[in-house]
Structure formats: C-alpha cells, structure tokens
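The values are calculated or read from the model by the stated rules, or taken from the named source; none is laboratory data. Computed from a prediction, not measured in an experiment: that's the story for all the values here. Here the Cβ positions follow ideal geometry from the backbone for every residue, glycine too, while neighbour counts run over all protein chains shown. Just so you know, the surface numbers come from the protein's heavy atoms only, side chains and all, with ligands and any DNA or RNA stripped out. Shrake-Rupley method; radii C 1.70, N 1.55, O 1.52, S 1.80 Å.
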Amino acid sequence: MEGLELETIKVAIIGCGTIANSAHIKAYMANPNAEIKYFCDIRKERAEKAVSDYQCGEAIEDYHIALEDPEIEAVSICTPNNVHASIAIDCLSAGKNVLCEKPAARTYAEALEMQKAQRQSRKVLNIGVVNRFNTGVNIIRKMIESGELGELYHVYVSFRSHRSIPGLGGAFTTKSIAGGGALIDWGVHFLDIVMYCSGDPQPLTVTGQAYCKLGKNMANYAYMNMWAGPPNYEGTYDVDDFVTAMIRTEGPSITLNGAWAQNIGIDEMYIDFLGDKAGIRLQYGADFKLYSAQNGALLETIPKFRMEDMFQNEIDGFLTCIRTGEKLPSHIDTVILSSKIIQAIYDSSDKRAEVSF
C-alpha cells in the first residue's frame, strides 16, 4: 500500500518502557498518517517523560481514559505480558484497533480469549511478531515458497547465550508476570520466523523440556552485564533459562535449543532451514547464507539486499490495514499458532510426555 494517503489515525501508547521508546513511538511519529494523542503508563512519570521527549500527546495513568475518547482508533500495547490479554480485550471491546507486543499473552488460553474478543469486535488485533516485516525473512519465505530449497523437511533453531538473564528478580523472571522465561521471551521470535517462512504449518506433536537452573540461586548468579537490570535479589526467579524441544508439523519437523544462560561460553542466534535441494542459515537480525550444489560443486551464496526498518514496516502496515481491512501476517488468527506451540512445550515439560493435537 505504498503511497496510499490515509485520514490521520489517532493513537494511544499503553506502556512507555523500552519497546515503546525504541520502536513503536518513533515509528508512529515517522508515519504522516498517525498522531499520538495519549501516552499511558501506571508510572505516570514515564508517560510525562514521553510527552516531554516527543513534544506531543497527553500523559495519563489510566488507559480507560483513552478508550473513552472517540477520536482514538488505534492502540499499541507495550506493557508486561501479564496484562496483554486484559488490556487488549478492553481495547477491542471499546472499538479500538490493537497492536499488542509479543508474546500475545502468557498462556494459550489467554491468547484464545484475545482472539475471541477480536472476532466479536471485528477490529484489528495484530501481535508484535516484527520479524514478519523483516526484509531478509521475507526473502527466505519467498525462496522456500518458490521451491529453491526443494522440500523443506527440517528446521533447526538455536538461541543460546552464555549468561544473559534479563532483570534478575524482576518482571522478566517472574512467571506470574512474564508467563515464562527464555522460550516465551526469545523463543517466540525464532519460532515465529520458522512458522512464517514454512507457511504456518499446523503442529501435530510437541515434546519439550524447560529448565530453571542457573538463575534460581540469584545471589550466586555470575554475569558480565544484565539487560533490563539491575538485579533485584529480593525478587522472584521461577522461569526457564534453558529449553529444548521437537515439534512435528504438517510441514517440516522443528528442533530448538534456547538459553538465556548456560555453562557454555558461546552465543548462538541462528535458524537452519534444511531442504533437499538447498539450505539456508539465517543469523538472527542479520544476513543469511544459501548452501547448494551445482555441476558437481558446492556453493555458498550470500544474498545482498537493502534491509528496511522492520518496526516501521510493522507500524505502517498496522495503520494501513485499519483503513483497508487487509489481514496482515501478524494477525492474531495466524500468530496464535506460536502461542499454541509454546504452551505445548511448557505442558510437555511439566508432564514429561509428548503432547499431541
């Protein structure tokens, strides 16, 4: 929809923390068809800082003020995971279109309630699986669709870090708030890329194991730096810092290993797409290599392309689909598959048994 001129859409930002400031707010401000009317945060000083920093909007603590405003058409939910579902449902019920940051919710059951509210309201509910708007990811998807890899039979995922637990003792490491640890925080992005590039195949069986090991003795957790820190040693750590799983789908099988923290001094963030004609290794957030064979020779190809701003693409697409009715790949009806699989991995781990659908 490039070049389409739309009537200005007035927006409310709910949650004025890191993701709002690093991505959502800037992208809305760069779109000529958007106007941020409200910045909302339960810590009002954050909302007030946003008003000051961006020289627009009004600071509020209660998001219901924005929902009662008939001028507001769109809402970005940039809050902790535990209120994604409740706020999204309230917004949809009030007739607002919603972009909710990933994961959709803490649990598959909560995601289903969000989907139900979207269908009842007939408003937009997109989830912030921003890699679906990534240039390289979309090139890989087209290559798989066109058959350049042949039959895509398996995908291997690795998102492992040496010691990278975020905000030890805070919201990230408290299950009642976050819903989980490394899997629901990092794994949701990797799994969603796999599903998207593979054509969103239906899962058949899932087996997995999640471990809460390195961070549970918080006082003895050694680290070099801590994003979302500093640590709160009086807080809670009851989430997974390592996860492994195998997923059978109607398309390829998928295996994954992920860790916020492990006793191996290596960081790996990649996805291997294995086809019977060619394979691809995607370095997360970066370029990819194509491995193939031709005329008896083994080839390594590094495609070159202009990388667009995926967050800008995501916000632009959200605003456009509000006017056009287009259903984006980030719509809840598609993305809920990732919630279903993540829930199954956790359930399989708790039961120590395979989960079938």
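General observations
- Take every DSSP beta bridge whose two residues both sit in the chain; close to 60 percent of them are antiparallel.
- For the chain, taking Cα atoms only, Rg and Dmax work out to 20.6, 67 Å respectively.
- Top positive-direction residue, dipole computed over the chain with Cβ charges, set Asn126, Ala74, Ile60: Asn126
- A protection proxy built from the mean count of other Cβ atoms within 10 Å ranks the segments 115-124, 173-182, most packed first, as 173-182, 115-124.
- Protection proxy ranking of 309-317, 293-301 - average other beta-carbon atoms within 10 Å, highest first: 309-317, 293-301
- Heavy-atom accessible surface of the chain: percent carbon and sulfur, 1.4 Å: 49 percent
- Per-peptide packing, taken as the mean over residues of other Cβ atoms within 10 Å, places 327-336, 261-270 in the sequence 327-336, 261-270 from highest down.
- Loop-located GluC sites (Glu not before Pro) in segment 2-55 (DSSP state other than H, G, I, E, B) with a sparse environment of at most 10 neighbouring Cβ atoms within 10 Å: Glu2, Glu5, Glu7.
- The label point for Thr18 and the one for Ala109, both projected 7 Å from the Cα toward the Cβ, are 2.9 nm apart.
- With all protein chains kept in place, the per residue accessible area of segment 16-129 amounts to 44 square angstrom at a probe of 1.4 angstrom.
- Alpha carbon centroid spacing (whole Å) that separates segment 109-179 from segment 333-357: 14 Å
- Note on Glu7 and Asp272: the extension gain reaches 91.2 nm, defined as 0.36 nm multiplied by sequence separation minus the Cα-Cα distance.
- Taking other residues whose beta carbon is less than 11 angstrom from the beta carbon of Ile65, and scoring Lys, Arg as +1 and Asp, Glu as -1, yields -4.
- Electrostatic dipole magnitude of the chain [Cβ: Lys, Arg +1; Asp, Glu -1; Cα centre; debye, to 20]: 660 debye
- Taking each residue as 0.36 nm, the span from Leu299 to Lys49 lengthens on full extension beyond its C-alpha to C-alpha distance by 84.8 nm.
- Cross-link pairs Lys116/Lys175; Lys49/Lys175; Lys116/Lys327; Lys102/Lys142 - those with Cα-Cα distance over 20 Å: Lys116/Lys175; Lys49/Lys175; Lys102/Lys142
- With the charge dipole of the chain set up from +1 on Lys and Arg Cβ and -1 on Asp and Glu Cβ about the Cα centre, the Cα lying farthest toward the positive end among the listed residues Val243, Gly147, Ile322 is that of Val243.
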